[in-house]
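Notes follow the structure.
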C-alpha cells in the first residue's frame, strides 16, 4: 500500500508540472543563449553549413546567430522540433525534466528509498525555471540523472557511454562526468577494475569521438570555444564558493548536507564544478537575491542532481513524523511551485517584450538599423520592413550615411534578465560614430544611438 501511495504522490507532482506547462505558456525566449541554441538548431534542421555566419539568418527575419559557441548536442536534439508551431518547441525541455525525474525515481527505488523523493528533482526551483527555456540545463540535469542510474545498475559500458556524451551536452558537464566515472571505477573490486575501466573507456569513446567528429566536420574545428575564462583570486574564490554553496542549497534547506549520505563518486562530482566555478570567477549578479540564487544556480544544476539521492537518504533516516511532514511539504511544493515559477518567468518575458517593442517603436521607419551583438534578444523577431545590419556591416552603414540615409544604432545592451549595469566596454560601432561629426542623440541627426536602460 505504501508503495502505491508513493507512486501516486510522484504521479501527482508530475501531473501538476504538466498542467502548469500547458496553462502557463512561455511568451518567448528571455536569454540571448536561447536565441543561439534555437538558431543553431534551425540551421542543423535545414542542413545549412554551420561554419558560415549567414547560415544563422532565419526565414522570418530574426537576427543572426552570434557564433557557434556551444556544443552541438542540444541544438541537434532541438533541431527536429524547430518545425513545430510556436510555442510548442518549449515542450521539449519539460519532457526532459519529466524523464530526469523518472530516472532519479528509479535510482532511489534501487537504493531502497521512496521514489516519491524524486519530487526533489521535479520541484527544484532552478531546474523548474530552466525547464521552460530553450537552454541546455534540462538536458545536462537529465544526463546527470542517467549517470546516477548507470552507476546504480553497475553497468560500466553504459556509464562510460553516458559520460562520453558530456562534451556534446555542455563542456562543463565534463566536470561532473569525469569525477563520477573515475571514482566509481576506483571503488570497483580490484579483480574487476581493469575490465570495468576498459568497458567504460569503450563507451566513452563513442560519445567523445562523436563530439570531435561532428565539431570538425560541421564547424571546421575540433573544439568550439567561447569566451576565455578569467580566474579569480583566492579571496574572491572563497567568497564565490560561499555563493555557490548557497545556490546549491536553494529551496531544499541544507541540501549540501546530502554529502553526508552521498557516495564517493557523487561527492567528487559535486566538488569539481563547485571549486572550478569559484576560481573561474563567475559571480552572477541578478536584479535581486532570489534571481541571483535561482538563475545563477544553473551552472550548478547538475551538481544539485548529484546531491539529491544523499539528501533523500538523510531525510529518510530522520524521525517518521518529520519524514512524513517533509514528504507532504514536498508534494505541496511540487504542485504549487511550477505555477508560481512559470508565472514569474512568463511575466519577466512580458516585460522584456514590452521593452523591446518600445524600443522598436522609437526607431525611425526610414532609417537603416544597426545592432550590437548583446542586443539580440530584444530585437527578436524584427518586423520584415526593418533593415538590420550587424557590427560586421559597418562599411555598409558608412555607405548609407554617405548616400544621405539616416542610421539608428542599437548600442550595447546588458541582458535585462541577468545584469542591470551599463556596459563598460566600447561598442562595435564606436569607430563609425567617431568618424561622423553629428554625434548628438537627437533624432534629427544622421546617427542616433539607442541604448535601452534595463532599469
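From most to least packed by mean Cβ count within 10 Å, the peptides 187-196, 4-13, 136-145 give 136-145, 4-13, 187-196. For segment 161-205, the fraction of C-alpha pairs more than 17 angstrom apart is 31%. Under 12 Å from a point placed 7 Å out from the Cα of residue 195 along the Cα-to-Cβ direction: which residues of segment 148-174 have their backbone N that close? From segment 148-174, the list is 156. Straightening the chain between residue 7 and residue 332 buys 115.5 nm, computed as 0.36 nm per residue apart minus the Cα-Cα spacing. Working from label points 7 Å from Cα in the Cα-to-Cβ sense, the residue 99 to residue 15 distance is 2.4 nm. The residues 199, 170, when put in order of fewest to most other Cβ atoms within 10 Å, stand as 199, 170. Rounded to two decimals, what ratio of Rg to Rh does segment 156-306 give with C-alpha atoms and a Kirkwood Rh? Checking Rg against Rh, the ratio lands at 1.02.
With the simple spin-label model, which puts each label point 7 Å out from Cα in the Cβ direction, the residue 405 to residue 288 separation comes to 4.3 nm.
A Förster radius of 25 Å, combined with the Cβ-Cβ distance separating residue 254 from residue 323, puts the computed FRET efficiency at roughly 0.95. Listed from fewest to most Cβ neighbours within 10 Å, the set 131, 399 follows the order 399, 131. Taking other C-beta atoms within 10 angstrom as a stand-in for reagent exposure, 311, 231 fall in the order 231, 311, fewest first.
No lab work stands behind these numbers, since they all come straight from the coordinates. Given the structure is predicted, the values throughout are model-derived calculations rather than measurements. Heads up, the Cβs are rebuilt from the backbone with ideal geometry, glycines too, and the neighbour counts pull from every protein chain shown.
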